[in-house]
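Q: Here it is, the structure, as structure tokens.
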Amino acid sequence: MISYGGNFVGALALVGLVASSGAFDEAAAVGPCAIAEYKCHHTWLQAMTRGMLCNWLVCIAVWQANAANTLGGKAIGVWLPISAFVSLGLEHCVANMFMIPCGMSLGANVTTYEFLVNNLIPVTIGNTIAGATFVGTAYSLAYGGLGKRASKAFAKYGL
């Protein structure tokens, strides 16, 4: 929770810096506003599922980077799954902590309620489900202690 809160505070501070910098004129603000509005108008199930798929790819990127021995291997290991999540339009709670408030600060037609309830909460739940189960549990079953315990339990019952 501390990390989550710190990410949120940092993202909002960055939004404040971007907004005060004047980096987005009216024409440039169209993109961030459209993205914020789009991200806040999925159904709850769509937002949660997009969060699950996104964090599955993010976790794969972390595992691949850790598995690689060279800087180039680590870069490629991260680049492919992250490129996939971005190009597919999937949802990551920390990225959305910046992107949606940034759009809101530039005039997006999104309320704080819509941001929190239609996006941040279901996306965070989806990210958490994927992070806890899709990669970590699979690797533990395949290579770690969870797999060893499961093998012993199956052997005990002749499976």
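Q: Just one of Leu17, Leu53 is open to solvent by 70 Å² or more (accessible area, probe 1.4 Å), out of contact with any Phe, Trp or Tyr (no Cβ under 6 Å at 6 or more places or on another chain) and free of Cβ contacts under 8 Å to residues at least 60 places away in the same chain; which is it? Working first, answer last.
A: Details: Leu53 fails: free of Cβ contacts under 8 Å to residues at least 60 places away in the same chain.
None of the other options fit; the residue is Leu17.
Q: Asn119 - would you say it is open to solvent by less than 70 Å² (accessible area, probe 1.4 Å), under 22 Å from Gly6 (Cα atoms) and touching a Lys or Arg at 6+ places or on another chain (Cβ under 6 Å)? Spell out how you get there, then give the answer.
A: Working: open to solvent by less than 70 Å² (accessible area, probe 1.4 Å): yes; under 22 Å from Gly6 (Cα atoms): yes; touching a Lys or Arg at 6+ places or on another chain (Cβ under 6 Å): yes.
Judged against the criteria, Asn119 is a match.
Q: Identify all residues within region 91-146 that are of a type in the set (Phe, Trp, Tyr), touching a residue at least 60 places away in the same chain (Cβ under 8 Å) and over 17 Å from Trp56 (Cα atoms); write none if there are none. It would help to see each step written out before you state the result.
A: First pass over region 91-146, keeping only residues of a type in the set (Phe, Trp, Tyr): 98, 113, 115, 134, 139, 143.
Next cut, touching a residue at least 60 places away in the same chain (Cβ under 8 Å) only: 98, 115, 134, 139.
Phe98, Phe115 - these are the residues of region 91-146 that are of a type in the set (Phe, Trp, Tyr), touching a residue at least 60 places away in the same chain (Cβ under 8 Å) and over 17 Å from Trp56 (Cα atoms).
Q: So which residues in region 35-49 are surrounded by 13 or more Cβ atoms within 10 Å (Cβ to Cβ) and of a type outside the set (D, E, K, R)? Spell out how you get there, then give the answer.
A: Residues of region 35-49 surrounded by 13 or more Cβ atoms within 10 Å (Cβ to Cβ): 35-42, 44, 46-49.
Passing the criteria: Ile35, Ala36, Tyr38, Cys40, His41, His42, Trp44, Gln46, Ala47, Met48, Thr49.
Q: Considering region 1-53 alone, what residues qualify as being more than 24 Å from Gly131 (Cα to Cα) and among the hydroxyl-bearing types (Ser, Thr, Tyr)?
A: Correct list: Ser20, Ser21, Tyr38.
Q: Find the residue count for region 107-116, including only residues that are part of a helix (DSSP H, G or I) and either open to solvent by less than 70 Å² (accessible area, probe 1.4 Å) or among the polar types (S, T, N, Q) (or both). Steps first, answer last, please.
A: So in region 107-116, the residues part of a helix (DSSP H, G or I) come out as 112-116.
Now drop any that are not either open to solvent by less than 70 Å² (accessible area, probe 1.4 Å) or among the polar types (S, T, N, Q) (or both), which leaves 112, 114-116.
Going through region 107-116 one residue at a time, the tally reaches 4.
Q: Quick check on region 83-96. Is at least one of its residues touching a Leu at 6+ places or on another chain (Cβ under 8 Å) and surrounded by fewer than 19 Cβ atoms within 10 Å (Cβ to Cβ)?
A: Yes.
Q: Out of region 2-30, which residues are more than 19 Å from Val94 (Cα to Cα) and part of a helix (DSSP H, G or I)? Explain how you work it out, then say what you get.
A: First, the residues of region 2-30 that are more than 19 Å from Val94 (Cα to Cα): 20-30.
Within region 2-30, Ser20, Ser21, Val30 meet the criteria.
Q: Turning to a different aspect of this structure: Considering region 33-86 alone, what residues qualify as being hydroxyl-bearing (Ser, Thr, Tyr), under 19 Å from Leu116 (Cα atoms) and part of a helix (DSSP H, G or I)? Lay out the reasoning, then the answer.
A: Our first condition is that a residue be hydroxyl-bearing (Ser, Thr, Tyr); within region 33-86, this holds for 38, 43, 49, 70, 83.
From the residues that got through so far, the ones that are under 19 Å from Leu116 (Cα atoms) too are 38, 43, 49.
Scanning region 33-86 gives Tyr38, Thr49.
The values are calculated or read from the model by the stated rules, or taken from the named source; none is laboratory data. All of these numbers come straight from a predicted model, not from anything done at the bench. As a convention, Cβ positions derive from the backbone with ideal geometry for all residues, glycine included, and neighbour counts pool all protein chains shown. For the accessible areas, the whole protein counts, side chains as well, though only heavy atoms, and no ligand, DNA or RNA atoms are used. Shrake-Rupley method; radii C 1.70, N 1.55, O 1.52, S 1.80 Å.
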